[in-house]
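Values quoted throughout were computed directly from the atomic coordinates according to the rules given, and no laboratory measurement underlies them. Just so it is clear, the model here is predicted, and its values are computed rather than measured. All Cβ positions, even for glycine, are placed from backbone atoms using ideal geometry, and neighbour counts span all protein chains on display.
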Amino acid sequence: MSSQRKTLLSPEEYLAIERKSEIKHEYFAGEMFAMVGASKRHNLITANIIRILGNQLLERPCNVYPSDMRVKVSATGKYTYPDMVVACDEEKFADAENDTLLNPVVVIEVLSESTEAYDRGKKFEQYQAIESLTEYLLVAQDPYRIEQYVRQSNREWRYSEYHDAEDVIKLNAIGCELGMKDVYAKVE
């Protein structure tokens, strides 16, 4: 029996393929992983949060990006697509294409059955290696549940949970607020 060696891609090879691809892929340790589409609920929640934050950030030096903005975790070499990301002040990109962000301040993931364990575990572990990241939100698709992690030091994160329709989540890193009713507007 012979075993075939797996061909690993360099980051440059990954980016060349990814920039021409019709579907998105994460990249880590030489391998590409296809990403699946999102449900109606997932898309409504994402659109609501982007609208809410985008309106609050109109007059500030921050931008909110949807899931097409790739993020590179420089310390580990992982390339990923958060559901939403906020970057402020001088945004840094991996190259002149300006499609791979290096310094997000806030990352938000909308949970689904297929990604929840990954978003809570290995993905969050990767995100923690991003020095600029100060807040990480996990948003459930079933109203009402948002979990917030706020960096306290390099290795410590403060955890808060929100479950009430009247709750307001303060994103101090960017001076914004998310009202639960607004996040889950039109989500049945």
note = Applying the gyration tensor rule to the Cα atoms of the range 38-183 (axes a ≥ b ≥ c; rounded if a/c under 1.5, else prolate if a/b exceeds b/c, else oblate), the class is rounded
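Counting Lys and Arg as +1 and Asp and Glu as -1, what is the net charge of the other residues whose Cβ lies under 12 Å from the Cβ of Lys123? Could the numbers behind the result be given before it?
Details: positive: Lys78, Arg120, Lys122; negative: Glu26, Asp83, Glu109, Glu116, Asp119, Glu125.
That works out to -3.
Run the helix sum for the chain: -39,500 (n - 2.57) per DSSP H stretch of 4+ residues, divided by residue count, reported at 222 nm to the nearest 500 deg cm²/dmol. Before the final figure, lay out each step's value.
On the way: 5 runs with 40 residues, N = 188.
The helix-only estimate for the chain comes to -5500 deg cm²/dmol at 222 nm.
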ask   = Simple spin-label model, 7 Å along Cα-to-Cβ: Ala75 to Glu31 in nm?
value = 2.3 nm
ask   = Quick one: longest stretch of the chain between exposed loop trypsin sites (Lys or Arg not before Pro), exposed meaning at most 10 other C-beta atoms within 10 Å and loop per DSSP?
value = 21-154
remark   = In a Gaussian network model of the chain with springs linking alpha carbons closer than 10 Å, the residue among Glu26, Glu156, Glu109 that fluctuates most is Glu156
query = In terms of Cα to Cα distance under 23 Å, which lysines are near enough to Lys24, apart from those fewer than 8 places away along the same chain?
reply = Lys6, Lys40, Lys72, Lys78, Lys92, Lys122, Lys123
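What's the local net charge at Pro61, with K and R +1, D and E -1, over the other residues with C-beta under 11 Å away? Walk me through the numbers before you get to the answer.
Values: positive: Arg60; negative: Glu59, Asp89, Glu90, Glu91.
Local charge sum for Pro61: -3.
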